[in-house]
1. Looking for something at pLDDT 75 or above, open to solvent by 30 Å² or more (accessible area, probe 1.4 Å) and not in a helix (DSSP H, G or I) - is there at least one such residue anywhere in the stretch B:195-206?
2. Is it true that some residue in the stretch A:461-479 is acidic (Asp, Glu) and modelled with pLDDT of 90 or more?
3. Restricting to the stretch B:58-94, and then to whatever is β-branched (Val, Ile, Thr) and over 24 Å from the mean Cα position of the chain (by Cα), can you tell me which residue is surrounded by the fewest Cβ atoms within 10 Å (Cβ to Cβ)?
4. From the list A:Ala56, A:Ala82, exactly one residue is in contact with a strand residue (DSSP E or B) (Cβ under 9 Å, 6 or more places away or on another chain) and of a type in the set (Gly, Ala, Ser). Which is it?
5. I'd like to verify a number: residues in the stretch A:484-528 that are assigned to a loop (DSSP other than H, G, I, E, B) and on the phi < 0 side of the Ramachandran plot, how many?
6. Go through the stretch A:43-83 and report how many residues are assigned to a loop (DSSP other than H, G, I, E, B), of a type outside the set (Lys, Arg), more than 12 Å from every other protein chain (Cβ to nearest Cβ) and under 27 Å from the mean Cα position of the chain (by Cα).
7. Taking the stretch B:512-531 only, how many residues are over 18 Å from B:Phe559 (Cα atoms) and surrounded by fewer than 21 Cβ atoms within 10 Å (Cβ to Cβ)?
8. Tell me, which residue of the stretch A:195-215 that is in a helix (DSSP H, G or I) and either within 14 Å of A:Val286 (Cα to Cα) or open to solvent by 10 Å² or more (accessible area, probe 1.4 Å) (or both) is farthest from the other protein chains (Cβ to nearest Cβ)?
Amino acid sequence: ARALMMPPSTARRLCFLSLLLLLLLLAAAASATADAAAAEEFTEELLLRPLPDRKALAHFHFRSSAPPASAAGRHHHLFPKAISQLVQKFHISELELSFTQGRWNYEQWGGYDPMSTNNAKPPGVELWAIFDLPLAEIDATWKNLTHTLSGLFCASINFLESSTAFSAPRWGFKLNEGNLRYGALPREAVCTENLTPWLKLLPCRDKAGIASLLYRPSVYKGYYHSQKLKLKSSQSLGIILDQTLTVVLQPNTVSGKQLHSTGGQLQPSWSMEHLFSKKLSGKCLVSKSSRVFVEIEKGIVDNVDKAGSDVSSNNDLFVLSTAPDRSLKELDNLEVQSSSLYEYDVNNYNSDKPLNVGITWKLPLIWSCTRAPYHASRFLMGSGNERGSIAMSFLSTGLDKQLVDSSNDCSIKAVVFQVVPWYVKVYYHSLEVFIDGNSKAISEVVDKIHVTPSEDKLLPGTMEMLLKFPCSMQLATLTLDFDKGFLHIDEYPPDANQGFDIPSALVSFPEFNSSRSYPEADPLFVSPLLENFKEDGVVKSYTEVLLVPLTTPDFSMPYNVITFTCTVLALYFGSLLNALRRRIGEEERGLKKLLLGNCNLHCFSLNLKC
Amino acid sequence: ARKMAEIAGDETPPLPSSSGAEESSLLSSPPSPTAISGDEPPPRTRKPGTKRLVLTASVLLSFLVGLPLLLKSTEIHRSPLPSDAIADLSRRLQSHPPSFPCGLHAVFLRSGPGSPVASLADQLERAISTQHHLLPASSTAGNISVSVTIQSGGGCTSSTAAASPWRCGLLTAADSVRDDEVFDELLHSALGGRDGDGMKVYTIVIAEDDDGKGTRVVIGKHRHAWVVGKVDEAEALSLIGNVFIKYFMNGGIEEGETGIGKGEFMPVGSDGNVVLSFSLLNADPNDWVYDWEFKNIGERILTPVVEALRPVADINIESQVLYHTPKSSYSYSDDKLGGNVLSMGDIPFFVNSNEWHLDTSISATGRSKVLQFVVYIPSARECPLYLQLPDGELSKTNAFISPMWGGVVIWNPPGCSVGSKKAHGTRRQMSSQELMETLEIFIGQLRQLFGLKPNYHAQGMDVATKFLVSEKGFAQWELDLLYRHHACSNLLSCVATLESLSSLVQSLPRMIVMDEIGRQVELSLEAASLAQRNATLGIGDSSAVSATRARALAEDAFFHPSIMSISYASVEHYFAIYME
């Protein structure tokens, strides 16, 4: 580095500049009104929720938005430049990328609320994007996009580049016009190297504000960890970037230190400090709003109601350590109160007076969360390395009994979307359906089916299926047979004997909606987190990842082959030379001569001795 | 062959037949064949048959027949590279480095009446021409054609060689008392009013004006300079030579200074793209948060610069504001200077690459170059922050550059002083005036990064010299200089790349060379010769454009993905594999 010496501007230059300045001021005044209406914004929010199994859920939500502008991708104040350029370059109208470690427990943590519907993601990486491009250009753009994201997030998203790794679902995943691409990497390990670039997109990173709570050791110690980036871009709205991080943590309280001894308490009382080993000392200064919510689920609210007390921050069952700035009632889509929300404005707290929200239980309490109508799970059947079958089971959770009258012709719809890699060759004609143990004709249950069969080393198999189950059903099972394919020796991953992961299938229940509404909320109260909860959310759940063991070759095979061919060649050349060179008759004669000679010598020596 | 010899050896046993008599007493001596030949039939009654020969020959033949097949099956596609043309170009560049002919046109404005003598012009022309041996060897300028015009009250006389664009009588010596900017434009129009294609002609006007203020030299925004004052002929001649060689040809760079043409790299990506990324860094937003209106002001000020540099580089501009970006070097408080001081030794540690996520841009793909320009706003604790030069003075611009990386300006917000109160988290706007001043510093840094002087001191000139500043950031004659050097360095780099590619391909006979590489090499050669042709005509800008293209194509060929992806086995390895 060199220092640069420069005299102050010449008078003439200043004169020119001031003229320019005048012009610019005029221009600025004209554009100021327009700018004020649409400026880049950033909001940060955190939602905390006690879970029935002694854990706690923390959901971070950061929204950056950029207004539509000609300078998008070039000049930014708050919005991350990298994302804006990504949107411009690849013509993305929607994109969602999630990194998940662990599996969302639909039974314990809920399956019928916006959290599980929007933020429960399959393990590993899931990426889907809708492009604003002619259909012919989409595949090439997708490939470039995966490479860019791979570099941006320090992950092996570039493995989604190969045409065997992504698919184009039409309606099973999200209704679209063929411009959606979907890919998943179930085995991607997620760790802080993915979180750091994700945090870099926030204006304050983890230096200030709510993100400063993200203390890595406590965040990665959790049971579930899902970091998501969702982009929406349009001509009229500009770009909206939602970054969410959902973690399920075990509160690190003194009494709850040992997992299995409850110390006489069913639920541990916890606060922010127990969850993150940190308190919240103020907001990110450039954020428009910065809020913390504590959500108390329906199960608890019902209990409080039963106990006859009012659902306030201090009631018969629990007390919140800090008095909230506002409390909200949450209604589900049937206009029934589902949960209560307590809001804290981080603006009112600073490093001298940090925010440390917590919940203290006064009475031991057991509650359960609302579940999806069916618990979907997927497993493998069969043995051996040749063939097997995939089974999917739908176990009724009893929710439908409460919701629909059990008349005879009532039915519940479920949509299944599943992508299977080409080396698991699924025979779609072998689909069998069992309802409560009895085999049923496919036409009775399957309303609509769309299958893209796999092609060897070219395309994965995609299946989209609309099912209709009778309401009275307890258990439905679907089975599909498959053959296991062979991979080329260099297509095997490093640990081939571990088996191959088949990405999670997605089951959605289009008749069930998990959206929430907040009737008492101030119309001026704008919270992107709650806005997301208000959005139309079809109840969805991801099934388990399947682990298929494939026949692995003997990886020393090439060397065996080399040795084998060498032996054959050596034998060939040896015998050829032999055949050319040796004369058996002469050799025999020679042998005789030798014998004779020896004999003669022997005799001779004998003679000498004599 | 050895095998055949062995076979032959078997057939005719070489042992002596009749020497056994004396040696037969030796126990170790082999038995003589003659001893037993008597009782056995001879080993062979007739000559060896042809059967065996045929067998041997057929095996050999089948190998020979198989060999072309093997070679055919292992054949590798190699697009022929025009290595002769590459060597030829390289030789040409070495023997005749590209030189741009240009013209020097001296105009003497005499105030006196009467028509000037024609022979005087020729005489002056010869006098000026003799000075050009002063031109340093490193200069890219080629032949210089000199012409002289003398204008006085009665009309103009030009030297014989001149096809002068000078419009006689449009301008008189009296005009030189006007404002310099105005005179510059007048002069520009008197010289034809266009920056023109073809050979560049630099004009130096000697305006005789006896106003007693002494002699002064003004170097304009275009390709001309003028001298005002009472100068005699010898003095005028030396001034003309001085201005022309020192500035118009060498950009004011002295011997021993770094700068253009002195081995400095151009901060341009090898595909001819540059991204100028401007970042406003708020070191600690808890103290104050500043924003800027870069979109309007920055674009407006920088667009002329971008346009001017277009033949050299395709420039994109980006800006962003970052928060929580502390510097990583240490500054100490100096009461005497009234602020915190950062010494020169700490500057290498100033850029905090951990916290300043300046980000390379997605638009800077491949081999393009990103230049970072950073405005650093110190936190309240370290405010005001000054850069201290080695001589103890404070830097006037409070800025420094890092070659090939970019530049940093430390901007102390207004009202910040030692112990100033935190304006807790208030968001403010950097005023337009301040932003424009900062951008001016950046333009100076950009000039410096491109190898020009950030500004000129009239060093080495014995008369007062003034430089008019163009709103483009670069005067026309500076741009000419840039184009010339850029064309030269790109041509050399293009040839170097092509040569290494050609020698690489020759050294690896098993390397696959795709057709596309061959095509790129040919196009690159074409562009290079076009650049050379333009150079000999003295057209700097189109030569620079072609040279950039030639270099980009050469680099494309060299870094073609197919070259990278294949591992090359040696010939031995190859034989080993196919013998298998």
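1. Going residue by residue through the stretch B:195-206, those that are at pLDDT 75 or above are B:200-206.
Next cut, open to solvent by 30 Å² or more (accessible area, probe 1.4 Å) only: B:201.
Filter once more, so that each one left must be not in a helix (DSSP H, G or I): B:201.
Yes, some residue in the stretch B:195-206 is at pLDDT 75 or above, open to solvent by 30 Å² or more (accessible area, probe 1.4 Å) and not in a helix (DSSP H, G or I).
2. From the stretch A:461-479, those acidic (Asp, Glu) are A:464; that's our starting set.
Keeping just the survivors that are modelled with pLDDT of 90 or more gives A:464.
Looking through the stretch A:461-479, at least one residue is acidic (Asp, Glu) and modelled with pLDDT of 90 or more.
3. B:Val65
4. Numbers: A:Ala82 fails: in contact with a strand residue (DSSP E or B) (Cβ under 9 Å, 6 or more places away or on another chain).
Result of the check over A:Ala56, A:Ala82: A:Ala56.
5. Taking the stretch A:484-528 first, the residues assigned to a loop (DSSP other than H, G, I, E, B) are A:485-488, A:492-495, A:499, A:503-505, A:514-516, A:518-527.
Imposing the further condition that a residue be on the phi < 0 side of the Ramachandran plot reduces the set to A:485-488, A:492-495, A:503-505, A:514-516, A:518-527.
So the count comes out to 24.
6. 3
7. Within the stretch B:512-531, residues that are over 18 Å from B:Phe559 (Cα atoms) and surrounded by fewer than 21 Cβ atoms within 10 Å (Cβ to Cβ) number 3.
8. Of all residues in the stretch A:195-215, those in a helix (DSSP H, G or I) come to A:195-199, A:210-213.
Restricting the remaining residues to those that are either within 14 Å of A:Val286 (Cα to Cα) or open to solvent by 10 Å² or more (accessible area, probe 1.4 Å) (or both) gives A:196-197, A:210-212.
Details: A:Thr196: 10, A:Pro197: 9, A:Ile210: 14, A:Ala211: 11, A:Ser212: 10 Å.
Among those residues, the one meeting the criterion is A:Ile210.
The values are calculated or read from the model by the stated rules, or taken from the named source; none is laboratory data. Given the structure is predicted, the values throughout are model-derived calculations rather than measurements. Don't worry about glycine lacking a Cβ; one is built from the backbone with ideal geometry, like all the others, and counts go over all protein chains shown. The protein model used for the area step is the full one, side chains on, heavy atoms only, and it has no ligands, DNA or RNA in it. Shrake-Rupley method; radii C 1.70, N 1.55, O 1.52, S 1.80 Å.
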